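Before any comments, here is the structure.
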Amino acid sequence: MPDQLLKDVIKAARSRSDGYSYLLSIERTFVTDKIGFNRMHSIDFQGITLISDSPLSPVSIEELESVEARLGFNFPEAYRAFITTLGIGETEFHIRTLPPQLILDDYLLEVQERLSEFWFWDRSPDILTQAHAVECVPFFDSPDGDDILFHPSDRSRWFILPHEEEEIFVVHSFQELCTFYLQRYDDLQPPYKFDVMECAALEEPW
């Protein structure tokens, strides 16, 4: 493990309520790496340092562009970079990446139909109306039940529809999205764990 990454891991563990368990998980990965079974993957993505004990599985640019061609629009650049660099997975502060093919095949229609039938965010009509929301596209979400959407007409505005709140929030970058979710976890420090997931493991939390 590189010296700087080791220092970051120790610093993070000291500030966490689960610091001992966190260190044990890192130690297990480091030991197996030494004997040739595993490897710690660390990447700095737009100012957020993520580590994974599983090999990253990025989506190919060809697959991404194929989905975009069928949808008729491109995803936000940060999502495109994330999905083709890290792939499908979930951060420990509960941001989950949705696979582009799954968005096309299932999630887009399912989320739009659900938002058309159920709408709980009337406190934010100046940010996003229900009529506008059903035109939006899910691309990240949270296992807590939050929707994270963008509208194809303005890919720079990302809407967070919290499952447990009636107010909608807007962010404009992946870093702002992470900052929003990190506010819920005061004891987390970088580097943050990133769990690589298979598409089959993704289930809607509603």
Select the helices (runs of 4 or more DSSP H) contained entirely in the range 93-183, then report the ones holding at least 2 residues which are crowded, with 16+ Cβ neighbours inside 10 Å and not aromatic (Phe, Trp, Tyr). 108-117, 174-182
When you scan the range 143-166, do you find a residue that is polar (S, T, N, Q), in contact (Cβ under 8 Å) with a residue 40 or more places away in the chain and over 24 Å from Gly72 (Cβ atoms), even just one? no
Here is a list of conditions, (1) in contact with a His (Cβ under 7 Å, 6 or more places away or on another chain); (2) polar (S, T, N, Q); (3) without any contact (Cβ under 8 Å) to a residue 12 or more places away in the chain, and Thr129 meets all of them except one; can you say which number that is? (1)
Of Leu202, Leu161, Leu149, Leu109, the only residue that is in contact with a Cys (Cβ under 8 Å, 6 or more places away or on another chain) and either at pLDDT 95 or above or within 30 Å of Ser42 (Cβ to Cβ) (or both) is Leu149
Kindly check whether there is at least one residue in the range 29-48 that is β-branched (Val, Ile, Thr), assigned to a helix (DSSP H, G or I) and modelled with pLDDT of 95 or more. no
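The values are calculated or read from the model by the stated rules, or taken from the named source; none is laboratory data. This one's a predicted model, so the numbers in the text were calculated from it and none came from an experiment. With ideal geometry, Cβ positions are generated from the backbone for all residues, glycine too; neighbour counts draw on all protein chains shown.
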